[in-house]
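What follows is one structure encoded as structure tokens, with my remarks underneath.
Values in this text are rule-based calculations from the coordinates and carry no lab data. No experiment lies behind these values; they were computed from the predicted model shown. Here the Cβ positions follow ideal geometry from the backbone for every residue, glycine too, while neighbour counts run over all protein chains shown.
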Amino acid sequence: MTGSTISNTGVIGLGAMGMEMARHMAAKGFEVHGTDIDQDAMRRASAHGVQLCGSAAELGERAEIVVVMVATDAQVDQVIRTSGLLHRLRPGAVICISSSIAPQTCRDLATVAAALDIGVIDTPVVLGQEAANKGELTVYAGGEERWVERATPALRAFARKIIHVGAIGSGQIAKTMNNLLLWANMCANFEVLTLAKALGVETPKLIEALGHGSGANWSLSRWGTGTGKWAEKDMDVALDIAQYAKIPMPLAGLVDQLAKSINQDKMKALLS
């Protein structure tokens, strides 16, 4: 299988992000197989041309590249290690872990899969739901180069940029670092706009002005358009990584507390 052209892909986890990944792959001509525990999600995927599978194991019989987009480390481990997926995939297949999970989980699963000549790479994505809808995500990839190269045509269906950061787990680390910067910016933006509004400044005009200054940032440029949903699980991963590395992260700890008080309604209120 290693030298063949990829035509059959699979997506395990057809939520908001996984659905868009599957939809874009189907639109780009891949034969896409999908599965999810949510039957409504399965029906929506079918409407986008996704061929439904009753289990991860069944999907493994059909797919050459499998994207896993479930919620937690435990779910990723179950899908890959114990669902039967690994033993149904053929040698040369690649599993892409797009869920945001701990780097060590990815390393452990890659070791298990390697014994079967199956690749596991971590491929978390950034830029959010809007980019997913447009097929313009950025993928941070970690793993062996041969597996990343093999999966790239499928990943390119829903990604504008695929960056091979390094060894397995590096993609998760890159996303975590990206998120730490994003969340710190978000908290700083919230404080700045709150102060500016209290001082009588029209915040939409201020945001435009700041976009041309040295304080410009991605979060500010999109203020009020995102969900404002706090990815608390992702911050837990970030703090766990820091603790493992024995690196103090006082700012990250403060951001963790501040971000919990910010939501979409509060963000939008600062624009009025």
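General observations
- If R0 equals 22 Å, the separation of the Cβ atoms of Thr82 and Ala115 corresponds to a calculated FRET efficiency of about 0.90.
- Taken over region 8-168, the percentage of Cα pairs per 5 Å bin, counting from 0 up to the bin with the maximum distance, is 2, 10, 22, 26, 23, 13, 4, 0.
- Debye, to nearest 20: dipole size of region 173-269, +1 on Lys, Arg Cβ, -1 on Asp, Glu Cβ: 120
- Nearest-0.05 FRET efficiency for Arg146 and Asn178, computed from C-beta distance (R0 30 Å): 0.75
- Extending 7 Å from Cα along the Cβ direction at Ser272 and again at Gln39 yields two label points whose distance is 4.1 nm.
- The order of Thr176, Thr35, going from fewest to most other C-beta atoms within 10 Å of their C-beta, is Thr176, Thr35.
- When the Cα gyration tensor is reduced to axis lengths a ≥ b ≥ c, the ratio a/c is 1.5 or higher for region 102-145, and with a/b above b/c it is classed as prolate.
- Distance from region 57-122 to region 195-219 (C-alpha centre basis), Å: 44
- Whether the chain is rounded, prolate or oblate, judged on the alpha carbon gyration tensor where a/c under 1.5 counts as rounded: prolate
- Checked against a 26 Å cut-off, the cross-linked pairs Lys175/Lys260; Lys161/Lys246; Lys161/Lys266; Lys134/Lys197; Lys28/Lys233 give Cα-Cα distances beyond that limit for Lys161/Lys246; Lys161/Lys266; Lys134/Lys197; Lys28/Lys233.
- Here the peptides 104-114, 250-260, 164-174 are ranked by packing, the mean other Cβ count within 10 Å, and the order with the highest first is 164-174, 104-114, 250-260.
- Working ranking of peptides 137-148, 118-129 by packing, defined as the average number of other Cβ atoms within 10 Å per residue, highest first, is 118-129, 137-148.
- Charged-residue dipole, Cβ positions (Lys, Arg, Asp, Glu), the chain about Cα centre, Debye nearest 20: 480
- Förster-model FRET efficiency, 35 Å R0, Arg90 and Gln264, C-beta, rounded to 0.05: 0.20
- Between Arg222 and Ile163, the contour length at 0.36 nm per residue exceeds the Cα-Cα span by 18.9 nm.
- Distance between the modelled labels on Ala27 and Gln129, one decimal in nanometres: 1.7 nm (7 Å Cα→Cβ projection).
- Dipole magnitude of region 8-168 about its Cα centre (Cβ charges: Lys, Arg +1; Asp, Glu -1), debye to nearest 20: 360
- Per-residue extension of 0.36 nm, minus the Cα-Cα distance of Ala209 and Thr194, leaves a gain of 3.8 nm for this segment.
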